[in-house]
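The next block holds one structure in the form of structure tokens; read it before the comments.
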Amino acid sequence: MEQLEHAIMEYVEVFMASPWIYLVVFGIAFLDGFFPVVPGETTVIAAGASAAAIGVPNIGIVIAAAAIGAFCGDHVSYAIGRFAFGPIAKRLKPGTKKKKAFDWAHDALIKRGGIVLVVARYIPGGRTAITITCGAVGYPIRKFMFFDAIAAISWGVYSGLIGYFAGWVFQGRPLLALALGFAVAMTCAGAVELVRYILERRAKAAETTESESTAEPVNSGKQ
């Protein structure tokens with residue numbers, strides 16, 4: 001078992017010691033900004049765990065690469081919203097459900113856009129929806145850049161340090177450290193998805209209850 005672990009770690013160490021690891025972290029964080037299927041957190045956490053367990057890569061550069069990649073990817077998502085969905089949203093007819101939803105999103109982002117942007121960065125899938133919506137409703141680009149920078153930097157630090165702590169706990173067993181890093185990443189992603197699922201279920205249940213309550217007076221009037 002020790003020989004197998006040693007053989008695996010030789011390959012892992014070669015990859016983690018390569019300068020290409022920083023480009024990988026940047027690229028995956030970048031793609032995760034507008035293509036949420038890509039595992040952004042998992043990559044950063046794994047690199048952080050390796051930094052503590054075997055000394056490579058450099059945790060500071062990992063965090064910087066993740067933050068810059070996330071920041072750039074979010075701006076691609078914003079551009080998609082602005083140039084692809086913005087013109088469609090402007091042609092929505094007043095009084096329709098879609099128009100009301102668009103106006104609500106616009107007002108919510110204008111009032112609480114900064115908080116929403118920062119919080120959404122920690123929600124896989126949710127971050128893409130929010131950044132696209134920011135572009136579609138014409139959220140000011142300067143405000144978007146400011147709050148998105150805070151979100152991206154805090155996300156990079158958070159993900160990198162979670163992995164680093166996991167690697168530090170099992171510093172003498174690097175393979176276990178990497179396994180724990182992946183486990184922590186998957187657990188965080190799973191917990192976030194569970195919360196998002198519960199919130200969506202509650203929102204749908206509230207909409208159903210509201211529609212039923214508004215339909216009852218109509219039905220009773222016909223009788």
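Mind listing whichever residues of the range 120-136 are part of a helix (DSSP H, G or I) and in contact (Cβ under 8 Å) with a residue 12 or more places away in the chain? Of everything in the range 120-136, those that are part of a helix (DSSP H, G or I) and in contact (Cβ under 8 Å) with a residue 12 or more places away in the chain turn out to be ALA120, GLY126, ARG127, THR128, ILE130, THR131, ILE132, THR133, CYS134, GLY135, ALA136. Report whether or not GLY86 is within 20 Å of the chain's Cα centre (by Cα), open to solvent by less than 10 Å² (accessible area, probe 1.4 Å) and either modelled with pLDDT of 75 or more or at positive phi (or both). Answer is no for this residue. A count restricted to the range 135-147 and to residues that are touching a Lys or Arg at 6+ places or on another chain (Cβ under 8 Å) and either among the aromatic types (Phe, Trp, Tyr) or within 17 Å of CYS72 (Cα to Cα) (or both) stands at 1. Screening the range 105-135 for residues that are of a type in the set (Lys, Arg) and open to solvent by less than 40 Å² (accessible area, probe 1.4 Å) and picking the one that is farthest from GLY156 (Cα to Cα) gives ARG127. Can you confirm whether ILE21 is open to solvent by less than 40 Å² (accessible area, probe 1.4 Å) and either among the aromatic types (Phe, Trp, Tyr) or modelled with pLDDT of 90 or more (or both)? In short, yes. So, of the residues in the range 60-78 that are aliphatic (A, V, I, L, M) and open to solvent by 40 Å² or more (accessible area, probe 1.4 Å), which turns out to be farthest from HIS106 (Cα to Cα)? The residue in question is ILE61.
Set side by side, the residues TYR139, TYR164 differ, and just one is out of contact with any strand residue (DSSP E or B) (no Cβ under 8 Å at 6 or more places or on another chain) and assigned to a helix (DSSP H, G or I), which is TYR164.
The values are calculated or read from the model by the stated rules, or taken from the named source; none is laboratory data. All figures in this text were calculated on a predicted structure; none of them were measured in a lab. A quick note on method: Cβ atoms are made from the backbone with ideal geometry, for glycine too, and the neighbour counts reach across all protein chains shown. Heads up: the accessible areas ignore ligands, DNA and RNA and are worked out on the full protein's heavy atoms, side chains in. Shrake-Rupley method; radii C 1.70, N 1.55, O 1.52, S 1.80 Å.
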